[in-house]
1. Per 0.36 nm of contour for each residue apart, how much would the distance between ALA114 and ASP329 grow if the chain were fully extended, relative to their Cα-Cα spacing?
2. Which value results for Rg/Rh of segment 297-361 when Rg is the Cα radius of gyration and Rh the Kirkwood radius based on the inverse mean 1/r?
3. Kindly rank 7-15, 202-210 from highest to lowest mean number of other beta carbons found within 10 Å of each residue.
4. Mind checking the dipole of segment 325-466: about its Cα centre, +1 per Lys or Arg Cβ, -1 per Asp or Glu Cβ, Debye to the nearest 20?
5. Once phi is turned into ³J(HN,Hα) by the Karplus curve 6.51 cos²θ - 1.76 cosθ + 1.60 with θ = phi - 60°, what whole-Hz value does each residue of segment 204-213 show in order, with x for glycine and proline?
6. Using alpha carbons only, how many angstrom separate the centre of segment 359-423 from the centre of segment 295-351?
7. List the relative contact order of segment 86-234 as a percent without decimals, with contacts defined as Cα pairs under 8 Å and 6+ residues apart.
8. Local charge sum around GLY30 (other residues, Cβ-Cβ under 13 Å, Lys/Arg +1, Asp/Glu -1)?
Amino acid sequence: MPVSFDSIVRGGTLATAMRTFDADIGIRNGRIAAIEPSLPGDAGSVIDARGLVVAPGAVDVHTHFDTQIGDEATADDYESGSRAAAAGGITTYVNFAFQERGAGLAAAIERETAKAAGRSVIDYGFHIAVIDPAVPGVLEELPGLADSGFTSVKIFTANAGMALGDRDVLRVLQAAADAGVMVNVHAEDQALVDHLTERLLRQGQRGVENLVHARPALAEAAATGRVAACAAALGTPVYIVHLSCRAALDAVRAARRAGARVYVETRPAYLYLNAERYRLPDRHGNKYVCWPPLREADDQAALWQGLESGEIQTYATDHTTWMARQKMDASLSFAEIPGGVSNVQTSIGMLYAEGVQAGRIPITTFVAVTATNPAKLFGLWPRKGCLAVGSDADLVALDPGRPFRVTAAAMESRSDFDPYEGYETRGWPVITISRGEVIMRDGQVKGQPGRGQLLSRERHRDLEER
């Protein structure tokens, strides 16, 4: 008797972190029910994937939607940010719930859950950013939170109001090790950054071109090596977010040789942009401020090599958007310009174009760093990040021949500028499917706010696990 599916994705070239092959995907009740060379039976709908590459929907484990930094709020909230992500082939993201000073970690989750409720187009989770570990009993919350599905935290070693001192870093690493929790690390040396920043400002060097001198690669490498060494001593797995330079990657290599479990993420800005942007006239360089800052061409080459070799395991956006007026304010020094750029709508298409199509990485690496590895490291695999019977039917279909040009006016982000304005390429996501529902087709977002689910995550898995 013919097998019935809710929908069938027909005729695509399927790509996983291991191989590519031609097959149909049968979807039932939001999950993958069959993967066969040619599926028999009927379906409520047929999605024609002939000529397309069909991969697991991307899992972006580093976003900042609806985030308050100082007196300023990001341009994108959970609705606009998730719409942009869906338009770009992302089907799951993990945002940040920031602890408030004097408050607990569970309170941060409750506050962020309320902000996201009824707004997200795609599925999501939260990392907990630990800002004040001195609050009595706050680190004792970690085991219970992990059991409830919040299995990762973040610490900062730089950035005013968020950076932890060395003793507090050790306390968080130990508590995380005891609870089986992954620790995300923003790694820059606060003392060095502060010293260099103060010296430059005293000299009257306020322009954005000075950002790279205030936050040099050495500051990133020093903090990366120090935290990784501490993590090795305590047996804590750590995940270095937005690694930007060769020196920091060398520090990771050294730590791994000493036995540390260190995972590495890089972000689109460091692969496609460089420090030349800070030398643009009329303060346009302000638009590209991020922390760590954009680096040099040699650092970009090191990151591409790290992706190809597997030394860099994930690719995530750190999507943090602002309005042009917030970035371009003439009264701000390089140290006061809000950091972050838009990326969720462009990240997957650009990696496919600049990585796979350009021959820098194979399609299997593309799938590994955008979907499979982040899903494993953050407790979402095999529900997310793979093409397998029983997994959520989260898919992105890419058209290798589709031309695309980035214009801010066409983006789903509420930011009024895009860092890649005018970028043109061939090869782009054309269909996004979330739990069996087509939520984007040909650039048009069809998914409704509130359909995204808050995910309960397991503890992390080794990348070798299948």
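1. Details: separation 215, 0.36 × 215 = 77.40 nm, distance 3.18 nm.
Extra length from ALA114 to ASP329 when fully extended: 74.2 nm.
2. Details: Rg = 15.4 Å, Rh = 14.0 Å.
For segment 297-361, the value is 1.09.
3. Numbers: 7-15: 21.9, 202-210: 14.3.
For the peptides 7-15, 202-210, the packing ranking is 7-15, 202-210.
4. On the way: 18 positive and 17 negative charges, 78 e Å.
Its charge dipole is roughly 380 debye.
5. x, 8, 9, x, 5, 4, 8, 4, 5, 7
6. Going from one Cα centre to the other spans 16 Å.
7. Values: 195 pairs, mean separation 27.9, N = 149.
About 19 percent, as a whole number.
8. Details: positive: ARG28, ARG31, ARG383, LYS384, ARG435, ARG451; negative: ASP6, ASP123, ASP392, ASP394, GLU437.
Around GLY30, the surrounding residues sum to +1.
The values are calculated or read from the model by the stated rules, or taken from the named source; none is laboratory data. No experiment lies behind these values; they were computed from the predicted model shown. As a convention, Cβ positions derive from the backbone with ideal geometry for all residues, glycine included, and neighbour counts pool all protein chains shown. When the accessible area is computed, the model is the full protein with side chains, heavy atoms only, and any ligands, DNA or RNA have been set aside. Shrake-Rupley method; radii C 1.70, N 1.55, O 1.52, S 1.80 Å.
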